[in-house]
Amino acid sequence: MPVDGELIGRVIARRIVAVERAPVSIFAKAVKDGSAVYQDPRAAEDAGFAAIPAPPTFPFAMPYWGAHPELQEGLEPVSDNPLWKVMGRLGPGLILHGEQEFEYHRPVLVGDVLRGEDVLADVYEKETDSALMTFVVTETVWTELKTGDPVVTARFNLVHRAKRS
């Protein structure tokens, strides 16, 4: 599939998320982080946080927890998602979770209400002797809903591996 550069930079999704204590605490336990700062407001305060912080990889899960329907009211929906256009053109192959990175501007805290906008950041191909690898990179910028200040930028890379015939 030739890479369609015109889709790069287009918005994939928008959402508003309320960061809540229970999902943060459960996520910390799921990733085997037993630190009290993710469970106890006093421990978080003693560690210098204004509230319980989210574990470093929590932004990956934020779209699935706390994106309540009433928070999305008035948020401009995305039609014609460019990510699905790219993925739909790839055909049969193996899809892998590639790289994942988080650039923090400040900690994500319980009580935050954040606005996220996902963008198709890049699409590129690499050939090997046995496969054509297509890399699909998304970037989500999470900002404070009230101020617009950046909180965290998440980058995610999907890899599609199609065998050569």
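Worth a mention:
- The HN-Hα couplings worked out from phi for region 13-30 by the Karplus form 6.51 cos²θ - 1.76 cosθ + 1.60 (θ = phi - 60°) are 7, 9, 7, 10, 10, 9, 7, 10, 4, 4, x, 5, 5, 5, 4, 4, 5, 5 Hz, whole numbers, x standing for Gly and Pro.
- When each of LYS85/LYS146; LYS32/LYS146; LYS85/LYS126 is checked by Cα-Cα distance, pairs over 23 Å: LYS85/LYS146; LYS32/LYS146
- Maximal additional length on extending the LEU90-ALA22 stretch stands at 20.7 nm, based on 0.36 nm per residue less the C-alpha distance.
- Per residue convex hull volume, Cα atoms of region 66-117, in Å³: 149 Å³
- Carbon/sulfur fraction of accessible area - region 1-94, other protein chains in place, 1.4 Å, %: 56 percent
- The distance separating the Cα centre of region 117-147 from that of region 84-103 comes to 8 Å.
- Taking packing as the residue-averaged number of other Cβ atoms within 10 angstrom, the listed peptides 88-97, 154-163 run from highest to lowest as 154-163, 88-97.
- Solvent-accessible area per residue for the chain (1.4 angstrom probe, square angstrom): 56 Å²
- For region 113-153, alpha-carbon Rg relative to the globular expectation (2.2 N^0.38 Å, N residues): 1.74
- Once backbone amide H atoms are built at 1.01 Å from N, VAL152 has HIS105, TRP142 as its partners under 5 Å, excluding neighbours fewer than 5 places away on the same chain.
- Residue with peak Gaussian network fluctuation, the chain [Cα springs, cutoff 10 Å], from ILE16, ILE52, ILE26: ILE26
- The 3J(HN,Hα) values that the Karplus relation (6.51, -1.76, 1.60; θ = phi - 60°) gives for region 56-66 are, in residue order, x, 9, 4, x, 5, 8, 3, x, 9, 10, x Hz. Gly and Pro appear as x.
- When each of the peptides 108-119, 140-151, 68-79 is scored by how many other beta carbons lie within 10 Å of its residues on average, the order from highest to lowest is 108-119, 140-151, 68-79.
- Here the ratio of the Cα radius of gyration of region 17-165 to 2.2 N^0.38 Å is 1.23.
The values are calculated or read from the model by the stated rules, or taken from the named source; none is laboratory data. On a predicted model such as this, the values are computed, not experimentally measured, just so you know. Positions of Cβ are backbone-derived with ideal geometry, glycine not excepted, and every protein chain shown enters the neighbour counts. Please note that ligands, DNA and RNA were not included when accessible areas were found on the heavy atoms of the full protein model with its side chains. Shrake-Rupley method; radii C 1.70, N 1.55, O 1.52, S 1.80 Å.
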